[in-house]
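This report refers to the structure that appears directly beneath it.
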């Protein structure tokens, strides 16, 4: 990226990387780590026109969820396509604009 004059790195974290809660300690620690890496790489890459940002989704409809199917309200889950659209948005920003993080949460999430 340095040799090509810059670019955009998009990391995928989680809402748990922004705000942890009971029962998510290990998972949240890993996602906070991604957010720390994102910040460090953004600082390192800035002088080379490398933008680094993160998408922090919550409640995405995915087979990776380890809850029993009856506990997941799929109708209230975020579509993976919503996360993809956020990535396209971040990648399409002009050279002088940066969004550091995007939190994409469920409409019914309690925040």
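Overview of results
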item	result
Order by protection proxy (mean Cβ within 10 Å, highest first), peptides 43-55, 17-29	43-55, 17-29
Region 1-65, relative contact order [Cα under 8 Å, separation at least 6], %	47
Computed lengthening from residue 21 to residue 43, 0.36 nm per intervening residue step minus Cα-Cα distance	5.1 nm
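None of the figures in this text is laboratory data; all of them are computed from the coordinates on show. Quantities reported herein were computed from a predicted structural model and do not represent experimental measurements. No Cβ is skipped: glycine too gets one built from the backbone with ideal geometry, and neighbour counts run over all protein chains shown.
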